[in-house]
1. Restricting to the chain, compute how many DSSP beta bridges are antiparallel as a %, nearest 5.
2. With a 10 Å radius around each residue's Cβ, average the other Cβ atoms per peptide and rank 327-340, 74-87, 25-38, highest first.
3. Helix 90-100 against the longest principal axis of the chain: what's the angle in degrees, Cα atoms only, rounded to the nearest 10?
4. With the crude spin-label approximation of a point 7 Å out along Cα→Cβ, what separation in nm comes out for ASN10 versus THR351?
5. Take the Cα radius of gyration of the chain and divide it by 2.2 N^0.38 Å, with N its residue count; two decimals is plenty.
6. Please work out the FRET efficiency for the pair ARG110 and LEU302, using the Cβ-Cβ distance as r and a Förster radius of 41 Å; give the result to the nearest 0.05.
7. May I ask which residue of GLN192, VAL279, ILE65 lies farthest towards the positive end of the charge dipole of the chain, with charges of +1 (Lys, Arg) and -1 (Asp, Glu) on Cβ and the Cα centre as origin?
8. Would you mind getting me the FRET efficiency between GLN102 and LYS151? Use the beta-carbon distance for r and R0 = 30 Å, nearest 0.05.
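Please treat every number below as a calculation from the coordinates, not as lab data. Not measured: the values here are computed from a predicted model. Neighbour counts are summed over all protein chains in view; Cβ atoms, including those assigned to glycine, are modelled from backbone coordinates with ideal geometry.
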Amino acid sequence: MLRIVNMSKNFASQTALADVALEVKDGEFFSLLGPSGCGKTTLLRIIGGFETPSTGEIYWNDLRIDQIRPQQRPFNMVFQRYALFPHFSVFENVAFGLKVKQVAPANLRRRVQEALNLVGLWALRDRLPETLSGGQAQRVAVARAIVNEPKILLLDEPLSALDLKMREHMQTELRELQRRLGITFILVTHDQDEAMALSDRIGVMNQGRLEQVSTPRDLYERPATHFVADFVGSMGSVHGECIDSEAMRLKNGSVIRGRGQLNLTKGCAAEAFVRPEKVHIGGNKSANEIYAKVRSVAYKGLHFELQLEVSPEQIIRAFVPPETMSGGVNVGDQIQAHFSPADTFLFERPT
């Protein structure tokens with residue numbers, strides 16, 4: 001198990017990490033998700049030993065490792081830019097670390113062959129990096145890391161340079177590789193779909209802090225903070241004034257009920273989030289009801305997407321099945337929509 005205790009990192013007057021505490025389980029595919037500049041790559045580089053924390057400790061199975069050099073840690077890192085040696089063959093690139101460690105030639109060849117077979121590139125062992133596709137170069141970088149038999153593989157946005165189709169293909173390959181190896185993967189990404197598809201658990205970061213650590217499903221269905229609700233997945237929101245910890249009132253007088261934070265107090269500015277697939281057309285007295293003007297209608301195949309204007313500055317979306325649209329809903333119509341309080345998340349609105 002990897003354990004991070006009270007980790008902070010300051011660059012001059014800027015705080016990159018603020019009191020981060022985290023445990024990553026053995027054999028887990030864990031992702032650090034967040035916008036650019038949130039501190040996720042800094043945290044990964046500290047784990048790998050490429051940055052020094054300002055405060056805090058890192059433990060690997062009760063052994064403190066934050067004070068030892070990167071090459072002494074049982075980890076390897078795959079960088080965003082693959083940094084392959086251009087004049088080395090694929091085989092030589094993967095073998096480089098083993099040669100530095102003076103591994104015997106027979107053992108070296110066996111381990112390089114095993115690593116390249118795992119990523120499906122043994123047949124390309126004599127090729128130079130310039131002759132490889134982006135996906136192939138990415139797999140060489142992964143092979144170069146796993147050939148050292150690390151306990152944890154650190155991946156810093158390794159798929160960001162690939163096109164969408166190749167990125168989706170490589171996501172599947174990465175997940176299958178992690179399952180075959182049985183080692184811990186820690187991935188840094190800003191791509192929510194990537195994190196959701198690959199991860200056993202996800203840590204969402206914002207301004208140097210971990211906002212929530214959960215399974216993908218819990219993260220989607222039970223966001224713990226305003227930031228997570230706003231950042232993860234697609235949400236619409238309306239805002240108003242808190243009535244109590246589980247209800248708020250819009251300017252038009254409508255009352256919205258939902259899952260609230262314990263610290264919500266009467267009179268505070270609040271925001272209610274709801275996912276578009278949870279918004280339904282028509283009335284339902286047991287649910288939250290709102291009246292809205294249809295701003296746009298778009299056919300998406302499995303559903304129609306409606307943009308609903310509750311007020312000029314408040315818009316929510318609804319994914320509506322085609323059969324519900326058979327009666328006709330047009331731009332400019334005033335309609336009634338409803339959504340369950342169980343699917344509504346209430347948070348204090350940041351000032």
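1. 75 percent
2. Working: 327-340: 13.5, 74-87: 16.7, 25-38: 19.3.
By packing density, highest mean first, the sequence is 25-38, 74-87, 327-340.
3. The answer is roughly 70 degrees.
4. Spacing of the two 7 Å Cα→Cβ label points: 2.5 nm.
5. 1.20
6. Using R0 = 41 Å, I get an efficiency of 0.25.
7. Going by the charge dipole, the pick is ILE65.
8. Rounded to the nearest 0.05, the efficiency is 0.90.
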